[in-house]
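Trainee: Can you keep this structure in mind? I'll have questions shortly.
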Amino acid sequence: MLTEGPTPFEQQTMSDHFERLKELMVKGVVILAGRTQNTDYSSFGIVIINAGSEEEARKIMHDDPAVKNKVVRGELFPYKIALLRAKNVKGSGSDSGED
């Protein structure tokens, strides 16, 4: 998909994936989402979610269209923020990601 371009199925699945992430962001579940810009096998995406439990986080991940359709592989890494300075976040307060 990254080196030769997506098939129509992959393109639709990734579109569904992106729309779902946007919906979850509006609901306060997705904190951030993005992917590396390299186009080889080391490429990966990260989605940081706000979940009440590891089980809830796993369900959110497995319900994603791209994971369900095996277009991407989902792995869960429980994470806890130790330090965060809001002023260091570019575009802080904006949901567009364009700042």
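The values are calculated or read from the model by the stated rules, or taken from the named source; none is laboratory data. Fair warning: this is a prediction, and the values are worked out from it, not measured in the lab. Here the Cβ is made from the backbone with ideal geometry for all residues, glycine too, and neighbour counts use every protein chain on show. All accessible areas refer to the heavy atoms of the entire protein, side chains included, with ligands and DNA or RNA removed. Shrake-Rupley method; radii C 1.70, N 1.55, O 1.52, S 1.80 Å.
Trainee: For residue 54, state whether it is closer than 25 Å to residue 86 by Cβ, surrounded by fewer than 16 Cβ atoms within 10 Å (Cβ to Cβ) and among the acidic types (Asp, Glu).
Mentor: No.
Results for (1) under 10 Å from the mean Cα position of the chain (by Cα); (2) more than 17 Å from residue 68 (Cα to Cα), shown as yes or no for each residue.
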site: 4; (1), (2): no, yes
site: 8; (1), (2): no, no
site: 19; (1), (2): no, no
site: 49; (1), (2): yes, yes
site: 52; (1), (2): no, yes
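Trainee: Considering only residues that are farther than 20 Å from residue 9 by Cα and open to solvent by less than 80 Å² (accessible area, probe 1.4 Å), which ones fall in the range 57-85?
Mentor: Hits for the range 57-85 are 57, 60, 76.
Trainee: Additional query: Those residues that are open to solvent by 60 Å² or more (accessible area, probe 1.4 Å) and more than 19 Å from residue 73 (Cβ to Cβ), I need them from the range 1-24; list them, please.
Mentor: 8, 19, 22, 23
Trainee: Residue 90 - would you say it is at pLDDT below 95 and either among the charged types (D, E, K, R) or loosely packed, with under 13 Cβ neighbours inside 10 Å (or both)?
Mentor: yes
Trainee: Here's a follow-up. So how many residues does the range 29-51 have that are among the β-branched types (Val, Ile, Thr), open to solvent by 70 Å² or more (accessible area, probe 1.4 Å) and over 13 Å from residue 72 (Cβ atoms)?
Mentor: Of the residues in the range 29-51, 2 are among the β-branched types (Val, Ile, Thr), open to solvent by 70 Å² or more (accessible area, probe 1.4 Å) and over 13 Å from residue 72 (Cβ atoms).
Trainee: Hey, can you tell me all the residues within the range 4-34 that are of a type in the set (Ser, Thr, Tyr) and in a helix (DSSP H, G or I)?
Mentor: Across the range 4-34, the qualifying residues are 13, 15.
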